[in-house]
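One structure is given here, and the rest of the page talks about it.
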Amino acid sequence: MKWETRVTDLLDIEYPVIQGGLAHLAYSELASAVSNAGGLGQITAMSMKNEVQLREEIHNVRSLTSKPFGVNFAIGQHGRPFQSMVQAAIDEKVPAISITGGNPQPLLEMVEGTGIKTLVLVAAKRQAIKAEKLGADAVMVVGQEGGGHIGREDVSTFVLTPQVSEAVKIPVIASGGIGDGKGLMAALALGAEGIEMGTRFIATKECGHAHQRYKNALIEADENSTIVIKRSLGAPARALKNQWTEQIVEYEKNQPGYEFLRPYVSGETNKKYIYNGEEHGFGWAGQVAARIHDVPTVNELFERIIKEAESIRTSWS
């Protein structure tokens, strides 16, 4: 079966499946594997030390695949400048970029006229409408099920996706709670033309930066194994539930502020868990962790997703 949508046409990919930015985890090995499997793999720029490292990773991806890939820019990281990183991506003529976690306008203005395809992550209909007006080529809609940073309102992917798809003319990509062929078909039925998956790609063999303890926690998770932290900071984000994240939520009940919480929620504390498996840290994860039961290769995962989705399509006809 063909899986042609406006998303596959826009990004020149075989399947409408995009790998999320995955802070500190989305590097060339994973990105190239996703692209080689027919989706759009991404590396995450703001996890790099500088533009030199970003250029190296872009070159690494190109040495591993001839297919399109993307560079994710999480621009809401407490004011860290991103302009030089964006310029590096422009100079390297990357096929696509995605923008998460902040106002996309400055970045969209930088890449205007370059031919680079732009995807903007949104968590509300009004954000999607704004992204379209600013010139985004597509929007990725993340509901409360998603891992990492999510919207401030408790709206699910199942409700938000059709709301956005009816409000904008550009293609919509559904994100949050999706990890298999059932999720792909549900997203398409809701008006999306593609899906973005983050958590599901952590539990793959090519996500080599993720510690085995992290992957095991995803495999063992059920629907109650995640927790939302950083609500008191106005930046809610979903992570695996453990003693560390439960303690964060307890602290937040007293509204201690960012400076108090910073050592508990920082990127360095995140890396302690995801890289080293340390108990005094945390790992981002969406509720889809309940649907993860193994650690396949990326290619095996794609084959499984498409086979399941095709079976559903056949049963509907």
Go through the residues of segment 244-255 one by one and say whether even a single one is modelled with pLDDT of 95 or more and within 16 Å of Tyr214 (Cβ to Cβ).
yes
Tally, over segment 272-311, of residues that are closer than 30 Å to Pro16 by Cα and in a helix (DSSP H, G or I):
21
Subset of segment 66-81 (residues that are touching a Pro at 6+ places or on another chain (Cβ under 8 Å) and at pLDDT below 95)
Ile75
Per-region count, segment 168-188, residues closer than 30 Å to Ser232 by Cβ and either free of Cβ contacts under 8 Å to residues at least 40 places away in the same chain or in contact with a Lys or Arg (Cβ under 7 Å, 6 or more places away or on another chain) (or both)
2
Considering only segment 173-181, I want to know if a residue exists there that is closer than 20 Å to Lys307 by Cβ and either at pLDDT below 95 or surrounded by fewer than 21 Cβ atoms within 10 Å (Cβ to Cβ) (or both).
yes
Residue selected from segment 96-143 under the condition in a loop (DSSP other than H, G, I, E, B) and of a type outside the set (Gly, Ala, Ser), by the criterion surrounded by the fewest Cβ atoms within 10 Å (Cβ to Cβ)
Glu112
Matching residues, segment 35-61, being closer than 24 Å to Leu188 by Cβ and in contact with a Phe, Trp or Tyr (Cβ under 7 Å, 6 or more places away or on another chain):
Ser35, Ala37, Gly38, Gly39, Leu40, Gly41, Gln42
Within segment 40-51, identify whether any single residue is assigned to a loop (DSSP other than H, G, I, E, B), surrounded by 24 or more Cβ atoms within 10 Å (Cβ to Cβ) and touching a helix residue (DSSP H, G or I) at 6+ places or on another chain (Cβ under 8 Å), and answer yes or no.
no
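In the set Ser225, Ser232, which member is closer than 14 Å to Gln287 by Cβ, surrounded by 13 or more Cβ atoms within 10 Å (Cβ to Cβ) and touching a Lys or Arg at 6+ places or on another chain (Cβ under 9 Å)?
Working: Ser232 fails: closer than 14 Å to Gln287 by Cβ.
Step by step, each of Ser225, Ser232 is checked, and only Ser225 is closer than 14 Å to Gln287 by Cβ, surrounded by 13 or more Cβ atoms within 10 Å (Cβ to Cβ) and touching a Lys or Arg at 6+ places or on another chain (Cβ under 9 Å).
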The condition of being of a type outside the set (Phe, Trp, Tyr), within 16 Å of the chain's Cα centre (by Cα) and assigned by TED's automatic domain parsing to the domain that holds Ile116 holds, among Ser84, Ser35, Ser63, only for Ser35
Looking at Ser63 and the list (1) at pLDDT below 95; (2) part of a helix (DSSP H, G or I); (3) not aromatic (Phe, Trp, Tyr), which single condition is not satisfied?
(1)
Picked from segment 59-89 (must be surrounded by 14 or more Cβ atoms within 10 Å (Cβ to Cβ) and in contact with an Asp or Glu (Cβ under 6 Å, 6 or more places away or on another chain)), the residue farthest from Glu112 (Cα to Cα) is Pro68
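On the basis of being within 16 Å of Arg238 (Cα to Cα) and surrounded by 24 or more Cβ atoms within 10 Å (Cβ to Cβ), does Thr157 make the cut? Quick ask: steps written out before the conclusion?
Working: within 16 Å of Arg238 (Cα to Cα): yes; surrounded by 24 or more Cβ atoms within 10 Å (Cβ to Cβ): yes.
Considered against the rule, which asks whether it is within 16 Å of Arg238 (Cα to Cα) and surrounded by 24 or more Cβ atoms within 10 Å (Cβ to Cβ), Thr157 comes out as yes.
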Is it the case that Ser28 is within 21 Å of Tyr275 (Cα to Cα) and either of a type in the set (Ser, Thr, Tyr) or surrounded by fewer than 16 Cβ atoms within 10 Å (Cβ to Cβ) (or both)?
yes
Mind listing just one residue for me: the one in segment 242-282 that is in contact with a strand residue (DSSP E or B) (Cβ under 9 Å, 6 or more places away or on another chain) and polar (S, T, N, Q) and, of those, nearest to Ala26 (Cα to Cα)?
Asn270
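Listed here are the residues, each with its yes/no results for (1) closer than 20 Å to Tyr15 by Cβ; (2) surrounded by 14 or more Cβ atoms within 10 Å (Cβ to Cβ); (3) among the charged types (D, E, K, R); (4) without any contact (Cβ under 8 Å) to a residue 12 or more places away in the chain.
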| site | (1), (2), (3), (4) |
| --- | --- |
| Gly283 | no, yes, no, no |
| Arg291 | yes, yes, yes, no |
| Pro296 | yes, yes, no, no |
| Asn299 | yes, yes, no, no |
| Phe302 | yes, yes, no, no |
| Ile305 | yes, yes, no, no |
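The values are calculated or read from the model by the stated rules, or taken from the named source; none is laboratory data. In this text, all values refer to a predicted model and were calculated from it rather than measured experimentally. Note that each Cβ is placed from the backbone with ideal geometry, even for glycine, and that neighbours are counted across all protein chains shown.
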